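The values are calculated or read from the model by the stated rules, or taken from the named source; none is laboratory data. Values in this document were obtained by computation on a predicted structure and should not be read as measured data. All Cβ positions, even for glycine, are placed from backbone atoms using ideal geometry, and neighbour counts span all protein chains on display.
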Amino acid sequence: MVAVKASEISQGFLKIADKLVHGETVLISRSKNQNLIVITESEYNELIGMRKSAIKNRVSPKSSPFDALANPKRKEGFMAGEVSVPVDFDTMLTKEIADMFCGSDGSI
């Protein structure tokens, strides 16, 4: 991703357009964090297609997401013996996760 200032757009538009055509995404930085992302028309059309597909596949108001639970397609226990969960599953990697968020010295 390439970041440019809004003031640089008019002077370097052709260079920015070339970067877009070659697959680069451009971020236009603006004051008050009102940034913009510029993508190609084909990327835009792909996103719109994904949005339409997501809207089309939404659960209708007449049905509920819980309907699937009332009529399960698989019986409980169909994976019995296929998967094992470690005894310390709920506590494993807690130090590593804490270090990722707080750093190894514990400060935020």
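When you look at I55, is it within 20 Å of the chain's Cα centre (by Cα), over 30 Å from V4 (Cβ atoms), modelled with pLDDT under 80 and not charged (D, E, K, R), yes or no?
Yes.
Suppose we keep only residues that are surrounded by 10 or more Cβ atoms within 10 Å (Cβ to Cβ) and of a type in the set (D, E) within the range 61-103. Which one would you say is modelled with the highest pLDDT?
Among those residues, the one meeting the criterion is D99.
Among the residues of the range 26-47 satisfying the criterion of being in contact (Cβ under 8 Å) with a residue 24 or more places away in the chain and surrounded by 14 or more Cβ atoms within 10 Å (Cβ to Cβ), which is farthest from V2 (Cα to Cα)?
Once the filter is applied, the top-ranked residue is S29.
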